[in-house]
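The values are calculated or read from the model by the stated rules, or taken from the named source; none is laboratory data. Just so we're clear, the structure is a prediction, and the values are computed from it rather than from any experiment. No Cβ is skipped: glycine too gets one built from the backbone with ideal geometry, and neighbour counts run over all protein chains shown.
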């Protein structure tokens with residue numbers, strides 16, 4: 001189940017979200033639902049989730065052929081309850 005959670009995303013925008021709103025961004029598997037994601041994060045990282053927003057990223061054409069398209073990706077923005085801290089070393 002933890003294999004469905006690919007990686008945290010760290011860009012300028014996501015760093016700003018972490019600092020200002022305590023919202024973390026993750027790339028996740030397409031089949032993962034919000035409730036499944038919430039149970040994974042709460043169990044594996046020992047945090048309490050306030051809100052989850054998911055979206056699918058747009059597909060991109062390949063550079064050499066329009067028939068080759070990159071697979072869909074799904075991204076989740078997770079807001080923690082105030083006072084909670086994400087530690088990426090699971091307990």
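Take the stretch 39-64 and flag every residue that is assigned to a helix (DSSP H, G or I) and in contact (Cβ under 8 Å) with a residue 40 or more places away in the chain.
44, 45 - these are the residues of the stretch 39-64 that are assigned to a helix (DSSP H, G or I) and in contact (Cβ under 8 Å) with a residue 40 or more places away in the chain.
Scanning the stretch 18-51 for residues that are surrounded by 17 or more Cβ atoms within 10 Å (Cβ to Cβ) and closer than 15 Å to residue 75 by Cβ yields 23, 24, 25, 26, 28, 32, 37, 41. The C-beta contact set for the stretch 10-23 (first residue at pLDDT below 95, second residue assigned to a loop (DSSP other than H, G, I, E, B) and surrounded by 11 or more Cβ atoms within 10 Å (Cβ to Cβ), distance under 8 angstrom, 6+ apart or interchain) comprises 22/84.
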